[in-house]
1. Over the chain, calculate the relative contact order: mean separation of alpha carbon pairs under 8 Å at least 6 apart, over the residue count, as a percent.
2. Could you go through segment 20-34 in sequence order and give the Karplus-derived ³J(HN,Hα) for each residue, using 6.51 cos²θ - 1.76 cosθ + 1.60 with θ = phi - 60°, rounded to whole Hz, and x for Gly and Pro?
3. Give the relative contact order (percent, whole number) for segment 166-230; include only Cα pairs under 8 Å separated by 6+ residues.
4. Suppose the chain between GLU178 and ASP82 were pulled fully straight at 0.36 nm per residue; how much longer would it get relative to their current alpha carbon spacing?
5. I'm spelling it out carefully: the read-out is volume of the Cα convex hull per residue in Å³, the candidates are [x] 131; [y] 162; [z] 118, and one was derived from this structure. Which label?
6. Where only protein heavy atoms count, and the probe is 1.4 Å, what is the accessible area per residue for the chain in Å²?
7. Test of understanding: what is the full-extension gain from ASP66 to ARG19, defined as 0.36 nm times their sequence separation minus their Cα-Cα distance?
8. With θ set to phi - 60° and the Karplus curve 6.51 cos²θ - 1.76 cosθ + 1.60, what are the ³J(HN,Hα) couplings of segment 73-87 in order, to the nearest whole Hz, using x for Gly and Pro?
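The values are calculated or read from the model by the stated rules, or taken from the named source; none is laboratory data. Note that the structure is predicted; figures quoted are calculated from it, not measured. We place every Cβ from the backbone using ideal geometry, glycine too, and count neighbours over all the protein chains shown. Please note that ligands, DNA and RNA were not included when accessible areas were found on the heavy atoms of the full protein model with its side chains. Shrake-Rupley method; radii C 1.70, N 1.55, O 1.52, S 1.80 Å.
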Amino acid sequence: MPAKLSVNLNAVAMLRNRRDLPWPSVTGLGRIALEAGAHGLTVHPRPDQRHIRFSDLPDLRALIDDEFPSCEFNIEGYPSEDFLELVERIEPEQVTLVPDDPAQATSDHGWDFEGQGGLLEPVIARLKKGGFRVSLFSDAEPGGIAAAKALGADRVELYTGPYGGCYDDPQKAASEIEKLGRTADAARAAGLAVNAGHDLTVANLPALMRRIPDLAEVSIGHGLTADALEYGMAETVRRFLKACGN
């Protein structure tokens, strides 16, 4: 099955936030992406609201509910109490937990599932009780996957940043793909579905899909938004869908 495409709107929001103006419209471009065939929208609201603002979330939730009810809303973030209350209020279909420090520019590593299990286990139980699918951000390290399953997660999201950084080094890219593939194999064996995200592009997605043909979902923001400046959002979504095998 082709991987589903969730369009991350953070970069759109960051561009909007350069001015105290309502454009580019986060909701408007989300609508264009969904109309073009994207399967969902992703946001990562950080405490300083430097890109997605808390006020964006009800509008995006309403967009999906009212116009694209078969699509999904994925909210990423560090599981602070404020974040948990936010997702419980907005009710996304999927919550992706990431181990970000608030000062980080972007997500750049996965969880230590064993070392941070004491934090994660009650959070996951709380979210599952609320009816949310829970995905955990994961490095390409097969050894920790069994612990992620034991914590109660439904999915892991493979952090593909190191792979994305190999755009000019095919040999290193092949090595990174194999690390990701072995981690996906371990997740499958443990009964976890696999998502992926970070620095994925039209150019590097096909090779990843060949190694992980049952990849459930990719969440893509920076590369997709960069391409949208050249091709437009609708055509860019169609290009990414094709790269995912859709």
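1. Computed value for the chain: 22 percent relative contact order.
2. 8, 9, x, 10, x, 7, 4, 5, x, 6, x, 4, 4, 4, 5
3. Relative contact order here is 32 percent.
4. Numbers: separation 96, 0.36 × 96 = 34.56 nm, distance 3.70 nm.
Residue separation times 0.36 nm, minus the Cα-Cα distance, leaves 30.9 nm.
5. Read-out taken from this structure: [z].
6. 45
7. Taking ASP66 through ARG19 to full extension adds about 14.0 nm, to one decimal.
8. Calculated HN-Hα couplings, in order: 10, 10, 10, 9, x, 7, x, 6, 4, 4, 5, 5, 5, 5, 5 Hz.
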